[in-house]
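Comments concern the structure below.
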Amino acid sequence: MKIDLREGIILSLLLLLLIPATAQNIQTEEDSYLTLSESIKLAQERSPDALINIHRFRSSYWSYRSFKAGYLPNVTLTATLPNFAHSIDAVTQEDGSESYRSRTLSRYSADIALTQRIGLTGGEVFLQSGLQRLDNFYTDTSTTQFLSTPVSIGFRQPVFGYNSYKWDKKIEPMVYEEAKRQYLESREQVAITATNHFFNLLMAQIERSIALKNQSNYDTLFNIAKGRYVLGKIAENELLQLELNLLKADAAVENADLNYQNMLFKFKSYLRITSKQALVLIPPAETPHFNIDVNEAVNEAHTNTSSGLAFERRMIEAESQVSMARLDGRFDAEIFASYGLTQTADKLPDVYKNPLDEERVSLGLTIPILDWGQARGRIRMAESNYDLVQTSIEQERIDFDQDIYLKVMQFGMQQNQLMIAAKSDTVAQKRFDVTQKRYMIGKVNDVLELNNAQIDNDNAKVSYYNALKNYWNNYFELRKSTLFDFEKGEKIFIDPEELIEK
């Protein structure tokens, strides 16, 4: 009879153990389910980092558009409407004597000019037309004159000076291309950040589930132990150990729930989820595995990433600084030449009749005589900076290649690491189930063995999800570092015009 009663108690307690665990798996219809890919998509569309990256790229886009517009023909209108001046002037009379008279001068002018930069030479050509009116008002008389320049064409050309236009045409397109690549890299960084938030919340979700299960298990075991203690089957210290385990499990539930709420808040905040629905994260069911050639990854990183392009841009900028130091402040010359038509008349219609030729040619020279070595010092500084940049880039290239190599190696290890973690989780779970069943039927009397099985089981499950997190982090890190999708075998690309139109 005692054996039947004990078996009945154990069976009842086992049912109580299974009911809470089953209830935890029942989700309400109001729960919202999210996968990793859905979380990343939401983050790349509306997370704070994603919006900041879009605005940063737009700034680079319009900066580049402004640069390109500077090389297009530029039309400007300059006008003075009017310019008044009142003064007392000396006037020479017919008899040679001088006297002073009050005079009011009014000047009106308007000029329209079409200019075009020549990036190759650093010069500028222009086409302009202008009209002026001059009114002189004396106390006893007044005159009006018009001066027209119907057309005038000319150019300005520095001869030996530093040509900033030539260097800008090399550098600015590279800066814009860098901005595009940096945006793509920032998208992959958003994916990494979203992955971390996803798995942090998933781990908190798993740990809370583990804590609730352990609490239920230890409550059941403690009740069984109390019955065995009454029957004299176990010692008091074993009963106390199980009671202590139950108290620890109660505390663990509270800590796990607090951590879950914290991770949930961070996850919703980053993805800007305002819904009050409970979130249930679905772990990735599949992890794609593929072999990556290290040399291919390094070549793609050099070709596709902003860092690979920045190495080239920085060298060109250093060359530009050397050129500027050698040319600025040295012997310089500027040629100005123009040809046009002009005429003056007292009446406006006559100002365009029989225009006269107007030619202008000038050659300006700048010759430094004594600068106390300033130019030489600037040249030496620029050359030293060039050598510094070159040395830094050589080292950075080595570090860059090594970083790609390590990331490829780490990704290659993930398949095996994930398989080991999954197998360990399965073995630990099976060991715990066996140990728990043997303890409940009295074949295992050492509670420490049960504790160890439970701890190993929990740790194995956490380790598996950590391995899953590491896999996806390495996956997106590799994409970010190369801007190449090795799974599809294609470059990561986005049309910048789509970002501007959003």
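Every read-out reported here was derived from the displayed coordinates using simple, explicitly stated rules and does not represent laboratory data. Just so we're clear, the structure is a prediction, and the values are computed from it rather than from any experiment. Positions of Cβ are generated from backbone atoms using ideal geometry, with glycine treated the same way; all protein chains shown enter the neighbour counts.
With N set to the number of residues, divide the alpha-carbon radius of gyration of region 346-460 by 2.2 N^0.38 Å and report two decimals.
Values: Rg = 41.8 Å, N = 115, 2.2 N^0.38 = 13.4 Å.
Taking N as the residue count of region 346-460, the ratio is 3.13.
Students often get this wrong, so try it: which of (i) 0.96; (ii) 1.04; (iii) 1.30 is Rg/Rh (Cα atoms, Kirkwood Rh) as calculated from the structure shown?
Recomputing Rg/Rh (Cα atoms, Kirkwood Rh) here gives the entry labelled (iii).
From the residues Ala179, Leu258, Asn291, which one has its Cα farthest along the dipole of the chain in the positive direction, the dipole being from +1 and -1 charges on Cβ of Lys/Arg and Asp/Glu about the Cα centre?
Positive-most Cα among the choices belongs to Leu258.
Need the C-alpha centroid separation for region 362-421 versus region 323-350, integer Å.
41
If you add up the charges near Thr366, with Lys and Arg at +1 and Asp and Glu at -1, over every other residue whose beta carbon is less than 13 angstrom from its beta carbon, what do you get?
-3
Find the percent of Cα-Cα distances in region 224-285 that exceed 13 Å, and round it to a whole number.
Above the 13 Å cut-off, region 224-285 has 73 percent of its Cα pairs.
Applying the Karplus parametrisation 6.51 cos²θ - 1.76 cosθ + 1.60 with θ = phi - 60° to the phi angles of region 282-287, what ³J(HN,Hα) value in whole Hz is obtained for each residue in order, glycine and proline being reported as x?
These are the phi-based 3J(HN,Hα) values: 9, x, x, 7, 10, 10 Hz.
Would you calculate, for the chain, the mean residue ellipticity at 222 nm contributed by helices, counting each DSSP H stretch of 4 or more residues as -39,500 (n - 2.57) and dividing by all residues, to the nearest 500?
Taken over the chain, the calculation gives -21500 deg cm²/dmol.
I'd like the distance separating the alpha-carbon centroids of region 60-102 and region 141-187, in whole Å.
Computed from Cα coordinates, the inter-centre distance equals 23 Å.
Ordered by residue, what ³J(HN,Hα) values in Hz, to whole numbers, does region 409-419 give under the Karplus form 6.51 cos²θ - 1.76 cosθ + 1.60, where θ = phi - 60° and Gly and Pro are x?
Karplus-based 3J(HN,Hα) across region 409-419 equals 5, 4, 5, x, 7, 5, 4, 5, 4, 5, 5 Hz.
With Cβ to Cβ distances under 11 Å as the rule, what net charge do the other residues near Met203 carry (K, R +1; D, E -1)?
Around Met203, the surrounding residues sum to +2.
Normalise the Debye intensity by I(0) for region 211-317, one equal point scatterer per Cα, no solvent, then take log10 at q = 0.12, 0.20 Å⁻¹ and round to two decimals.
Treating every Cα as an identical point scatterer, log10 I(q)/I(0) equals -0.76, -1.02.
Using Cα positions and a limit of under 27 Å, work out the lysines in reach of Lys169, with same-chain residues fewer than 8 apart set aside.
Straight-line reach from Lys169, under 27 Å: Lys68, Lys180, Lys491.
At a temperature of 25 °C and a viscosity of 0.890 mPa s, determine how fast region 125-204 diffuses translationally according to Stokes-Einstein, using the Kirkwood radius over alpha-carbon pairs as Rh; express D in µm²/s, rounded to the nearest whole number. Please list the in-between numbers first.
On the way: Rh = 20.1 Å.
Estimated via Stokes-Einstein, D reaches 122 µm²/s.
Got a sec? Charge dipole of the chain, +1 on Cβ for Lys and Arg, -1 for Asp and Glu; which of Gln402, Ser306, Leu281 is way out at the positive end?
Comparing the listed Cα positions along the dipole, Leu281 ranks first.
Would you work out the Kirkwood radius for region 260-310? I mean one over the mean of 1/r across all pairs of different Cα atoms, in Å. Can you show the working numbers first?
On the way: mean 1/r = 0.0658 Å⁻¹.
That comes to 15.2 Å for region 260-310.
Quick check for me: using +1 on Lys/Arg Cβ and -1 on Asp/Glu Cβ, what's the dipole size of region 75-140 about its Cα centre, in debye to the nearest 20?
Around 420 debye, computed over region 75-140.
Taking the Cα centre of region 373-502 as origin, work out the dipole magnitude from +1 charges on Lys and Arg Cβ and -1 charges on Asp and Glu Cβ, in debye rounded to 20.
520
Along the charge dipole of the chain, pointing to its positive end and built from +1/-1 on Cβ of Lys, Arg, Asp and Glu, which listed residue (Gly489, Ala194, Ser392) has its Cα farthest out?
Working it through, the farthest residue towards the positive pole turns out to be Ala194.
Taking the Cα atoms only, what angle lies between the long axis of helix 48-69 and the longest principal axis of the chain, rounded to 10 degrees?
20
Straight-line reach from Lys488: which lysines have a Cα under 16 Å away, not including same-chain ones fewer than 8 places off?
Straight-line reach from Lys488, under 16 Å: Lys480.
Once the mean 1/r over all distinct Cα pairs of region 121-264 is inverted, what Kirkwood radius in angstroms do you read off?
Across region 121-264, the inverse of the average 1/r is 24.8 Å.
In region 342-416, which trypsin sites (Lys or Arg not before Pro) fall in coil by DSSP and have 12 or fewer other Cβ atoms within 10 Å?
Those that pass, being in a loop and sparsely packed, are Lys347, Lys353.
How much net charge surrounds Thr342 when only other residues with a Cβ under 15 Å from its Cβ are counted (Lys, Arg +1; Asp, Glu -1)?
Summing Lys and Arg as +1 and Asp and Glu as -1 gives -2.
To the nearest 20 Debye, how big is the dipole of the chain about its Cα centre, given +1 on the beta carbon of each Lys and Arg and -1 on that of each Asp and Glu?
It comes to approximately 1300 debye.
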